[in-house]
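Novice: For reference, the structure I am asking about is given below.
The values are calculated or read from the model by the stated rules, or taken from the named source; none is laboratory data. Treat the numbers as computed from the prediction; the structure is a model and nothing was measured. Please note: Cβ atoms are built from the backbone with ideal geometry, for glycine as well, and neighbour counts cover all protein chains shown. Side chains are part of the model used for accessible areas, which takes the heavy atoms of the whole protein and leaves out ligands, DNA and RNA. Shrake-Rupley method; radii C 1.70, N 1.55, O 1.52, S 1.80 Å.
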Amino acid sequence: MPSSRREQALLPRPTRIAPRSGHFALDARTTVRAPGEAEGAADLLRTLLTPTTGLPLAPSPSGAITLSVDPTLAGLGAEGYGLTVSPHCVLLRAATPAGLLHGVQTLRQLLPAEVLDPAAVRREYWELPCVEITDVPRHSWRGLMIDVARHFHDAATLRRHVDLLALHKLNVLHLHLTDDQGWRMPVASHPRLTTVGAHRAETVNGPDVSTGFDGRPHGGAYTRAELTGLVAYAARRGVSVVPEIEMPGHVRAALAAYPHLGNHPDRALDVWTRWGVCDTVLGVHDEVLDFCRAVLAEVMEVFPSPYIHLGGDECPTTEWEHSPAARARAGAEGLPGPAALHGWLLGQAGAFLARHGRRPVAWAEEGTSLPPGFTAMSWRDPAHATDALRRGHDVVLTHHRTTYLDYAQDDAPDGPPAQPGPVVDLRAVHGGDPAPQPPAANGGRILGTQAQIWTEFAPTAADLDRLAYPRLCALADRAWTGPTDWPDFTTRLTAHLPRLAALGVRHHPLTTPPTTTAPAGTAPTARPSARPSV
């Protein structure tokens with residue numbers, strides 16, 4: 001792509017962009033000035049460009065490329081940046097180091113796509129088009145959730161997705177680390193969570209066509225070093241890793257390892273070999289509270305994120321209703337019945353996090369039942385986000401019809417397996433849902449949005465690529481920029497695809513069929529593993 005057009009193909013689209021005539025040439029003599037807090041962004045610039053260009057981009061107090069942190073640039077906020085490229089110099093400024101990291105990704109996109117390809121032919125110089133950009137994100141939470149519990153994906157795969165998130169100015173990697181089908185987070189005080197809970201056996205009856213389960217044995221867990229390394233790797237790229245530890249439901253793998261944490265302590269369970277919603281849930285006795293606190297204490301040691309996700313939805317209450325111990329606990333806590341133990345147990349875990357300066361997050365099946373202080377991920381119905389805001393919850397918008405990338409992205413009859421339900425195509429993700437208006441007083445805030453990849457049908461790294469891209473490009477565009485015209489977005493996306501190709505992203509073909517939608521207000525009965533077609 002000619003340098004005179006590359007500034008028009010940035011994704012996400014900058015807040016304000018003004019092309020100028022001419023170009024800046026990067027060559028072996030180009031040096032970088034990055035005083036103080038800007039040094040991390042300069043290191044990232046070299047990490048991303050030197051291996052593919054061969055250019056050293058050496059540090060120098062008189063560098064033609066200047067990276068600068070200036071706290072007086074308050075209008076740029078916590079993540080915005082200003083970039084000026086002239087024929088003789090490049091100036092990248094931000095109020096915070098995070099803003100500089102996003103600006104580095106814009107510099108990267110202004111270069112030819114070959115600069116992203118490790119196998120590209122080296123050049124003597126590379127051209128940056130002259131341009132002035134001021135860029136401030138619409139939302140502070142812009143993310144992707146990867147479910148590594150149903151199918152394990154190794155740390156190298158996650159690091160690659162961190163790189164892709166950063167390229168698109170997405171700043172949250174949400175890891176769904178535990179579920180009925182696997183526990184991936186090592187906990188020193190409870191080693192059987194991974195020695196037992198991370199491995200499921202082959203099903204006796206083979207594949208289950210009704211749920212798509214292939215019946216094969218599967219397992220895997222991260223080491224603590226892998227997770228701390230991932231967190232550091234992501235932080236250097238401006239991405240926060242938010243861990244999710246499911247409770248009080250979606251815990252079959254934990255109960256397979258430690259049956260005494262359940263409502264039937266003498267019952268032997270396996271790690272679940274089905275998809276769907278399992279009816280086994282945590283008990284509510286004191287040992288369970290100790291277990292939750294012990295696990296969350298180690299989670300906080302590994303993950304410095306201010307947010308810790310507790311799962312929280314799809315929790316059948318049948319076991320509590322039939323348990324004398326659970327009924328007694330409900331009575332002792334002054335609860336109206338065993339069903340209220342769901343909110344009580346979440347509240348206990350959330351209060352523990354809050355005492356340690358962290359903020360609990362949970363999936364919101366509706367907008368009125370989470371304990372105070374929780375951030376709500378509203379996924380079933382957009383109206384639930386409004387309800388949660390009115391109750392004072394901060395909200396991350398995760399509506400299944402516009403952010404669940406495990407749904408099929410076209411209606412091809414011979415396409416790969418996908419969750420049963422509506423087609424969530426590129427245009428559906430691009431259109432998204434209008435953010436609800438927060439209440440004027442005492443209400444919560446809309447933090448942002450994120451996409452979800454539940455992995456029942458994504459056992460390989462190639463599957464993650466195919467499900468995420470190009471749809472995640474659309475979510476990145478509206479999370480950073482806000483609503484954009486469909487022709488403008490598709491033009492920029494078409495120009496962006498060579499960048500994905502250079503990075504080896506095995507994306508779904510770029511097609512734009514009519515968006516398939518279901519009647520408004522229709523919601524699945526489960527997230528997302530047992531939901532019917534809607």
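Novice: So, in the stretch 478-489, of the ones that are assigned to a loop (DSSP other than H, G, I, E, B) and open to solvent by less than 30 Å² (accessible area, probe 1.4 Å), which residue ends up nearest to THR15 (Cα to Cα)?
Specialist: Step one: of the stretch 478-489, the residues assigned to a loop (DSSP other than H, G, I, E, B) are 481-485.
Filter again for open to solvent by less than 30 Å² (accessible area, probe 1.4 Å), leaving 482, 484.
Details: GLY482: 9, THR484: 11 Å.
Here the answer is GLY482.
Novice: Search the stretch 3-12 for residues being touching a strand residue (DSSP E or B) at 6+ places or on another chain (Cβ under 9 Å) and at pLDDT 95 or above, and hand back the single one that is nearest to LEU83 (Cα to Cα).
Specialist: Checked the stretch 3-12; the qualifying residue nearest to LEU83 (Cα to Cα) is LEU10.
Results for (1) touching a Lys or Arg at 6+ places or on another chain (Cβ under 8 Å); (2) more than 18 Å from SER189 (Cβ to Cβ), shown as yes or no for each residue.
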site	(1), (2)
ASN263	no, yes
ASP270	yes, yes
ARG274	no, yes
VAL288	no, no
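One line per residue, one yes/no per condition, for (1) touching a Ser or Thr at 6+ places or on another chain (Cβ under 8 Å); (2) modelled with pLDDT of 95 or more:
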residue	(1), (2)
THR386	no, no
LEU397	yes, yes
ASP414	no, no
PRO417	no, no
ALA461	yes, yes
ASP477	yes, yes
PRO483	no, no
PRO487	no, yes
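Novice: Out of the stretch 23-50, which residues are under 14 Å from ARG123 (Cβ atoms), open to solvent by 30 Å² or more (accessible area, probe 1.4 Å) and assigned to a helix (DSSP H, G or I)?
Specialist: Matches in the stretch 23-50: THR50 only.
Novice: Related question: Is there any pair linking a residue in the stretch 133-153 that is farther than 12 Å from HIS218 by Cα to one that is of a type in the set (Asp, Glu) and buried (at least 21 other Cβ atoms within 10 Å of the Cβ), with Cβ under 6 Å and at least six apart or on different chains, and which?
Specialist: Listed by first residue and then by second, the contacts come to PRO137/GLU79.
Novice: Next up: With respect to LEU165, is the statement that it is more than 13 Å from the chain's Cα centre (by Cα), assigned to a helix (DSSP H, G or I) and closer than 21 Å to SER305 by Cβ true?
Specialist: no
Novice: With (1) out of contact with any strand residue (DSSP E or B) (no Cβ under 9 Å at 6 or more places or on another chain); (2) touching a residue at least 24 places away in the same chain (Cβ under 8 Å) as the list, and VAL396 as the residue in question, which single condition is left unmet?
Specialist: Tallying (1) out of contact with any strand residue (DSSP E or B) (no Cβ under 9 Å at 6 or more places or on another chain); (2) touching a residue at least 24 places away in the same chain (Cβ under 8 Å), VAL396 fails exactly one: (1).
Novice: Given the structure, is THR96 touching a strand residue (DSSP E or B) at 6+ places or on another chain (Cβ under 6 Å), polar (S, T, N, Q) and open to solvent by 20 Å² or more (accessible area, probe 1.4 Å)?
Specialist: Criteria not met by THR96.
Novice: Can you tell me which residues in the stretch 58-78 are assigned to a loop (DSSP other than H, G, I, E, B) and over 18 Å from PRO97 (Cβ atoms)?
Specialist: Step one: filter the stretch 58-78 for residues assigned to a loop (DSSP other than H, G, I, E, B), giving 60-64, 70-73, 77-78.
Once the filter is applied, which keeps residues that are assigned to a loop (DSSP other than H, G, I, E, B) and over 18 Å from PRO97 (Cβ atoms), the stretch 58-78 yields SER60, PRO61, SER62, ALA64.
Novice: Follow-up. Is it the case that GLY367 is at positive phi and either among the small types (Gly, Ala, Ser) or in contact (Cβ under 8 Å) with a residue 40 or more places away in the chain (or both)? Don't jump to the end; show me each part of the working.
Specialist: Values: at positive phi: no; either among the small types (Gly, Ala, Ser) or in contact (Cβ under 8 Å) with a residue 40 or more places away in the chain (or both): yes.
The answer is no for GLY367.
Novice: Any residue that is open to solvent by less than 10 Å² (accessible area, probe 1.4 Å), in contact with a helix residue (DSSP H, G or I) (Cβ under 9 Å, 6 or more places away or on another chain) and not in a strand (DSSP E or B) - is there at least one of those in the stretch 140-147?
Specialist: no
Novice: Of all residues in the stretch 51-77, which are in contact with a Pro (Cβ under 9 Å, 6 or more places away or on another chain) and within 19 Å of TRP480 (Cβ to Cβ)?
Specialist: Hit for the stretch 51-77 is GLY77, nothing else.
Novice: Can you spot a residue in the stretch 490-504 that is hydrophobic (A, V, I, L, M, F, W, C), open to solvent by 40 Å² or more (accessible area, probe 1.4 Å) and part of a loop (DSSP other than H, G, I, E, B)? Spell out the reasoning first.
Specialist: Applying the first criterion (hydrophobic (A, V, I, L, M, F, W, C)) to the stretch 490-504 yields 493, 495, 497, 500-503.
Narrowing the set further to residues that are open to solvent by 40 Å² or more (accessible area, probe 1.4 Å) leaves 501, 503.
Restricting the remaining residues to those that are part of a loop (DSSP other than H, G, I, E, B) gives 503.
Within the stretch 490-504, one or more residues are hydrophobic (A, V, I, L, M, F, W, C), open to solvent by 40 Å² or more (accessible area, probe 1.4 Å) and part of a loop (DSSP other than H, G, I, E, B).
Novice: Check LEU447, LEU493, LEU475 and return the single one that is of a type in the set (A, V, I, L, M), closer than 16 Å to LEU510 by Cα and out of contact with any Cys (no Cβ under 6 Å at 6 or more places or on another chain).
Specialist: From the options LEU447, LEU493, LEU475, the qualifying one is LEU475.
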